[in-house]
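The values are calculated or read from the model by the stated rules, or taken from the named source; none is laboratory data. Given the structure is predicted, the values throughout are model-derived calculations rather than measurements. Ideal geometry is used to build each Cβ from the backbone, glycine not excepted, and the neighbour counts take in all protein chains shown. In case anyone asks, the SASA skips ligands and DNA or RNA and just uses the protein heavy atoms, side chains included. Shrake-Rupley method; radii C 1.70, N 1.55, O 1.52, S 1.80 Å.
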Amino acid sequence: MQIAKNAAVTFHYTLTDEDGQVVDSSAGREPLGYLHGHGHIVPGLEKQMEGRQAGDKFDAHVAPEEGYGVRHEELVQEVPREAFQGVADIQPGMQFQGHGPQGVINVTVTKVEDDKVHIDGNHPLAGKPLHFAIEVTGVREASEEELSHGHVHGAGGHHH
């Protein structure tokens, strides 16, 4: 069976950056499971999964626009330390949830200076090309229950 809309797919992946450094990998874990055509993985990878079948191994290169998006400099801000009430030791790399015009936003602390904290609301991989090594491990028709729940059940998917 080939990967198409509403297929339940499992795959192993290794994601590397432009320098070949591993950013994320399913190695040593269950393969990742998702419903194809439902936006559960980055669009550029989902497009390249289309038509593949179990056993296929391939490299997928995804531009930022079809990955985690381009960087938006307006999401990089300097805020007063008092905005982090209850956090005594703010360090670069810490992540927090904040509220922006579009609702909840995740931010990463990039720098701390005296009474100012520099934050970045971009996804850490925004603006970066993504390089995936993919091995498709399973393709099957999704069950009615999976389709109604919006996710794959079982190994590599959601467990109720």
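Going through (1) free of Cβ contacts under 8 Å to residues at least 12 places away in the same chain; (2) farther than 24 Å from E50 by Cβ; (3) among the polar types (S, T, N, Q); (4) outside any strand (DSSP E or B) one by one, S148 falls short only on (2).
Among the residues of the range 62-76, is there at least one that is over 26 Å from F96 (Cβ atoms), among the basic types (K, R) and out of contact with any Leu (no Cβ under 7 Å at 6 or more places or on another chain)? Outline the logic, then answer.
Restricting attention to the range 62-76, the residues satisfying the condition of being over 26 Å from F96 (Cβ atoms) are 62-63, 65-66.
From the residues that got through so far, the ones that are among the basic types (K, R) too are none.
For the range 62-76, residues over 26 Å from F96 (Cβ atoms), among the basic types (K, R) and out of contact with any Leu (no Cβ under 7 Å at 6 or more places or on another chain): absent.
Assess whether H40 counts as being part of a loop (DSSP other than H, G, I, E, B) and either in contact (Cβ under 8 Å) with a residue 24 or more places away in the chain or farther than 18 Å from L125 by Cα (or both). Write out each step before concluding.
Numbers: part of a loop (DSSP other than H, G, I, E, B): yes; either in contact (Cβ under 8 Å) with a residue 24 or more places away in the chain or farther than 18 Å from L125 by Cα (or both): yes.
Yes.
Considering the conditions (1) in contact with a strand residue (DSSP E or B) (Cβ under 9 Å, 6 or more places away or on another chain); (2) open to solvent by less than 90 Å² (accessible area, probe 1.4 Å); (3) of a type outside the set (S, T, N, Q), K111 is excluded by exactly one of them, (2).
Residue by residue, here is whether (1) at pLDDT 95 or above; (2) touching a strand residue (DSSP E or B) at 6+ places or on another chain (Cβ under 7 Å) holds:
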residue: R52; (1), (2): yes, yes
residue: A63; (1), (2): yes, no
residue: F96; (1), (2): no, yes
residue: G103; (1), (2): no, no
residue: F132; (1), (2): yes, yes
residue: A142; (1), (2): no, yes
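So, of the residues in the range 43-102 that are small (G, A, S) and under 17 Å from L130 (Cβ atoms), which turns out to be surrounded by the fewest Cβ atoms within 10 Å (Cβ to Cβ)? Once the filter is applied, the top-ranked residue is A63.
Please specify each residue of the range 54-79 satisfying the condition of being outside any strand (DSSP E or B), more than 27 Å from V104 (Cβ to Cβ) and under 20 Å from the mean Cα position of the chain (by Cα). Let's see the steps before the verdict.
To start, the set of residues in the range 54-79 that are outside any strand (DSSP E or B) comprises 54-56, 63-75.
From what is left, the residues that are more than 27 Å from V104 (Cβ to Cβ) are 54-56.
Scanning the range 54-79 gives no hits.
Just one of the numbered conditions (1) open to solvent by 50 Å² or more (accessible area, probe 1.4 Å); (2) closer than 30 Å to A142 by Cβ is not true of E18; which one? Only one criterion in (1) open to solvent by 50 Å² or more (accessible area, probe 1.4 Å); (2) closer than 30 Å to A142 by Cβ is unmet by E18, namely (2). All but one of (1) out of contact with any His (no Cβ under 8 Å at 6 or more places or on another chain); (2) in a loop (DSSP other than H, G, I, E, B); (3) at pLDDT below 90 hold for Q91; which doesn't? It fails just one condition, (3).
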